[in-house]
Amino acid sequence: MEGVGSYAAFRVALAHAPSGTSAPAVLSRLQPGRYWSQDIGLSIMLVLDALLPDWRAQVLREDPPSVYALLAQAAGSD
């Protein structure tokens with residue numbers, strides 16, 4: 001789950017950004033487009049963060065669900 005690592009980098013960068021810096025401004029500084037798989041993974045984690053607040057607890061365990069299962073859960077479907 002490359003997206004989890006990219007998400008962690010985003011959250012650290014956001015926490016240490018100058019006051020008033022927007023999330024999109026921080027994202028633009030993370031070299032988007034350099035590695036497509038990290039960009040897609042980060043995008044998925046940001047969607048999950050908005051729709052499924054407890055995704056981090058589910059992912060950071062011994063037997064995490066797939067990204068597809070988390071997206072289905074966020075969408076309210078099985």
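The values are calculated or read from the model by the stated rules, or taken from the named source; none is laboratory data. On a predicted model such as this, the values are computed, not experimentally measured, just so you know. All Cβ positions, even for glycine, are placed from backbone atoms using ideal geometry, and neighbour counts span all protein chains on display.
Within the option set A74, A15, A50, being at pLDDT 90 or above and touching a helix residue (DSSP H, G or I) at 6+ places or on another chain (Cβ under 7 Å) holds for one residue only, A74.
Of all residues in the range 41-59, at least one satisfies being without any contact (Cβ under 8 Å) to a residue 24 or more places away in the chain, within 12 Å of G3 (Cβ to Cβ) and of a type outside the set (G, A, S). Considering only residues in the range 12-53 that are of a type outside the set (A, V, I, L, M, F, W, C) and under 9 Å from the mean Cα position of the chain (by Cα), the one that is surrounded by the most Cβ atoms within 10 Å (Cβ to Cβ) turns out to be G41.
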